[in-house]
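One structure below.
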Amino acid sequence: MKATIERAILLRCLSHAQSVVERRNTIPILSNVLLEASGDGMVKIMATDLDLQVMESVAAVSVETPGAITVSAHLLFDIARKLPDGSQVSLETADNRMTVRAGRSRFSLPTLPRDDFPMIVEGDLPTSFAIPAQTLSELIDRTRFAISTEETRYYLNGIFLHVAEEDSPVLKAAATDGHRLARFTLPRPDGAEGMPDVIIPRKAVGELRKLLEEAQDENIRIDLSSGKIRFSLGGESGIVLTSKLIDGTFPDYSRVIPTGNDKLLKLDPKSFYQGVDRVATIATEKTRAVKMGLENDKVTLSVTSPDNGTAAEEVPADYSAESFEIGFNANYLKDILAQIDGDTVELHLADPAAPTLIRQDDKSPALYVLMPMRV
Amino acid sequence: MAQQAPHPHVESGDTEPEAQGLRKIIHVDMDAFFASVEQRDNPHLRGKPVAVGGSSGRGVVAAASYEARPFGVRSAMPSVKAARLCPDLIFCPPRFDRYREVSEQIRAIFHHYTPQVEPLSLDEAYLDVTDDLHGIGSATRIAQLIRERILKETQLTASAGVSYNKFLAKLASDQNKPDGLCVIRPGEGARFVAGLPVSRFHGVGPRGAEKMAVLGIETGADLAARDIAFLREHFGSFADYLYRAARGIDLRPVRANRVRKSIGGERTFADDLSSGPALRAALDDIVEIVWERITRKEGHGRTVTLKLKFSDFRLITRARSLSRPVENREEFARVALTLLTDALPLPLPVRLMGLTLSGLEREQSAEKSPPEKVQLRLL
């Protein structure tokens, strides 16, 4: 193989690839990125961790000899990063080595044969639809903070995607860690009808979100089966992200979304966030609980720490139900408030031990449920 | 009535009896506890070989009735093996809630005689009766009264050992089992230990006994004949314990409010293991044994630690903590397997594998301590 690529293009592709490649690998080939130069002047760059695979095609400056090889993803990325801006990088293989040349630099890297490189077998992906990049980004942002990191509840380690018939057909995304739940609803895209329920793993969600950062106003094509999902991002080059789906059953989360919470609290999400953040300063790692005292048109936030003393702050609010106190994990509250864009946030409360529903308003596509702390 | 001096050697009240003078320690151990409870509650099981534990797959025997023991059935033995040794063995699924109830009854009896009670598990405890609350006059008499009351109130038998430290009291309770009593008096400890095979020492397993046999150590007397340097050379950190134990010395106090920090178990393999399937099978066995122990000792912990000792004696540990206590055996097994899988491939064959659950929380103490801030669960 011999090909020459613009350093900027190579660097961008490798940054996508190296992020999929795990830092520590027991199988050597999984540390490598696959480079494949074809006669039509394109170079394909691919990386995998066996569950997630990214493939990107870019136009080379030139392809002298078509061929394919694998080299260490992190090594090549670090080299590309340090090469001078605007340079052209030549990649040439010979004798189980790949020579990287740019300007006056020359590197000779060990390689592994392309035939050893594992590919995810996509199989049939019968469901196909498209979502605008911006909507998909919002769907991820509104939900992913609630994804569980607890590996023993692996079926919560991702975003649950499913369709439903309500007043109109919808596509819903949900994530929960057992303490809080985030749900995002959008009109069902054409082609999504009859799709299987799927759980997209956290890592795939993270990589997709990074790639969406670079996508402009395009539509993202999604193809899926009950076992695999593929995201195709167009753009000048074309990136395809394929992931295995989590093989598990997401719990019936709809039953924990409260419907009869009758105490409505409305306040400004920014001053609420800042107030929680301020009083939580003294909370120690073990007791991140913030107590909210609700009174007529006023919320008093307070934290008591056995080591660090006490803190309190009053936040103006719109509240007319009976006075009571309720506690929440400060970080959980902040995670949710950070996702509220408008000037008001609604908290629908019942009692200090019942789930609280949080949303911007009844038209907002995002909805959150937060379980209190006993304080 | 004036309190009697516990022993003439204790001269004044300002000396710490645990460190200075002679103490009076009783070790009470229920006989085949789980199996006996089952036989008591189910008359058709009486007089028959009974094992409490799962009979299928990788289940282990949690307790075996005395009728099953002549066949070689022992606790912690794989159920499959037990069924082979004793074809008529009747398996009962464990009813831990029931055992806990009975255990509460027994502990109430202990507390009548002394507040200094250190439960080791549901079915055994150390009691320090140096202070004779009821003026009964002798620790042996107290042990006898406790055994009688246990029999009267629970229709179950207990064995008791009486001595001047925990190590000897435990050896003594094991001496005349079942339904037995044994006393090791001051001055008799070293002689008693001298005649025992080393395998009776707590902490000396089959592999340990084998190793000692190779070194020509078979009894407590053999062990006592070796100096501390020799023991340290061969047994490392275990040497100090062996040295003291061989002389019948044990200064550990009975700790009434002992909060157990971890529960675990390990196994040394007859042949070093290297293949993934063999390691996973061994892990399954250890999970069974340790989980049974966790249930028996009422442990609730968040951290699972896997210990692996390689053929070159190098030791590694891998741990994982959950955000809440491990809920059940399946979850414990799953975390353990994840730890093992993450450690693969291993650089060398494994000679010892162990699992520990730590970060223990006691349900009881959680109730008594001031209300903690608890995140409530949604799902």
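A few notes on this one:
- Restricting region B:46-58 to residues that are open to solvent by 10 Å² or more (accessible area, probe 1.4 Å) and touching an Asp or Glu at 6+ places or on another chain (Cβ under 7 Å), the residue that is farthest from B:P93 (Cα to Cα) is B:G47.
- Scanning region B:234-243 for residues that are open to solvent by 50 Å² or more (accessible area, probe 1.4 Å) and either out of contact with any helix residue (DSSP H, G or I) (no Cβ under 9 Å at 6 or more places or on another chain) or at pLDDT below 90 (or both) gives B:H234, B:S237, B:F238, B:D240, B:Y241.
- Just so you know, in region A:175-189 the residues that are more than 11 Å from chain B (Cβ to nearest Cβ) and under 25 Å from A:M373 (Cα atoms) include one that is most open to solvent (accessible area, probe 1.4 Å), and it is A:R183.
- Of all residues in region B:34-45, those satisfying the criterion of being open to solvent by 40 Å² or more (accessible area, probe 1.4 Å) and assigned to a helix (DSSP H, G or I) are B:R40, B:D41, B:P43, B:H44.
- The condition of being open to solvent by less than 10 Å² (accessible area, probe 1.4 Å), away from chain B (no Cβ under 14 Å), in contact (Cβ under 8 Å) with a residue 40 or more places away in the chain and not acidic (D, E) does not hold for A:T111.
- The test for being of a type outside the set (S, T, Y), touching a His at 6+ places or on another chain (Cβ under 8 Å) and either open to solvent by 60 Å² or more (accessible area, probe 1.4 Å) or closer than 24 Å to B:F33 by Cα (or both) does not hold for B:A225.
- In region B:229-254, the residues that are out of contact with any Leu (no Cβ under 9 Å at 6 or more places or on another chain) and free of Cβ contacts under 8 Å to residues at least 40 places away in the same chain: B:A229, B:R232, B:E233, B:G236, B:S237, B:Y241
- Residue match in region B:257-266 (condition: at pLDDT below 90, closer than 28 Å to B:D222 by Cβ and assigned to a strand (DSSP E or B)): yes
- Screening A:D85, A:D116, A:D141 for residues that are at pLDDT 95 or above, of a type in the set (D, E, K, R) and either surrounded by fewer than 19 Cβ atoms within 10 Å (Cβ to Cβ) or more than 30 Å from A:K2 (Cα to Cα) (or both) leaves exactly one candidate, A:D141.
- Only listed residue being surrounded by fewer than 17 Cβ atoms within 10 Å (Cβ to Cβ) and of a type in the set (A, V, I, L, M), chosen from A:A146, A:A192, A:A164, A:A204: A:A164
- Here A:E313 clears all of (1) under 30 Å from A:L50 (Cα atoms); (2) touching a residue at least 24 places away in the same chain (Cβ under 8 Å); (3) more than 14 Å from chain B (Cβ to nearest Cβ) except the condition numbered (1).
Here is a yes/no grid of residues against (1) in the same structural domain as A:L333 (by TED's automatic domain parsing); (2) modelled with pLDDT under 95:
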| residue | (1), (2) |
| --- | --- |
| A:K244 | no, no |
| A:L264 | yes, no |
| A:F272 | yes, no |
| A:R278 | yes, no |
| A:T284 | yes, yes |
| A:N296 | yes, yes |
| A:L301 | yes, no |
| A:T310 | yes, yes |
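- Checked against (1) surrounded by 14 or more Cβ atoms within 10 Å (Cβ to Cβ); (2) within 26 Å of the chain's Cα centre (by Cα), B:L346 passes all but condition (2).
- Taking the listed residues B:V102, B:V73, the one that is touching a residue at least 12 places away in the same chain (Cβ under 8 Å) and in a loop (DSSP other than H, G, I, E, B) is B:V73, with no other qualifying.
- Every residue from region B:191-214 that is modelled with pLDDT under 90 and in contact with a Lys or Arg (Cβ under 8 Å, 6 or more places away or on another chain): B:H202
- Within region B:322-344, residues that are touching a residue at least 60 places away in the same chain (Cβ under 8 Å) sit with their Cβ atoms under 9 Å from residues that are open to solvent by 10 Å² or more (accessible area, probe 1.4 Å), at 6+ positions apart or across chains, in these pairs: B:L340/B:G276; B:L340/B:R280; B:L340/B:R318; B:L344/A:T26; B:L344/B:G276.
- Qualifying residue in region A:120-135 (condition: in the same structural domain as A:Q18 (by TED's automatic domain parsing) and in contact with a helix residue (DSSP H, G or I) (Cβ under 7 Å, 6 or more places away or on another chain)): no
- Flag if B:D174 is open to solvent by 50 Å² or more (accessible area, probe 1.4 Å) and in contact with a Gly (Cβ under 8 Å, 6 or more places away or on another chain): yes
- Qualifying residues in region A:133-174 (those that are small (G, A, S) and in contact (Cβ under 8 Å) with a residue 40 or more places away in the chain) - the one farthest from the other protein chains (Cβ to nearest Cβ): A:A133
- Hey, A:A338 under 22 Å from A:A175 (Cα atoms), in contact (Cβ under 8 Å) with a residue 60 or more places away in the chain and surrounded by fewer than 17 Cβ atoms within 10 Å (Cβ to Cβ) or not: yes
The values are calculated or read from the model by the stated rules, or taken from the named source; none is laboratory data. This is a predicted model, so every value here is computed, not measured. Because the Cβ atoms are built from the backbone with ideal geometry, glycine has one as well, and the counts that use them run over all protein chains shown. Just so you know, the surface numbers come from the protein's heavy atoms only, side chains and all, with ligands and any DNA or RNA stripped out. Shrake-Rupley method; radii C 1.70, N 1.55, O 1.52, S 1.80 Å.
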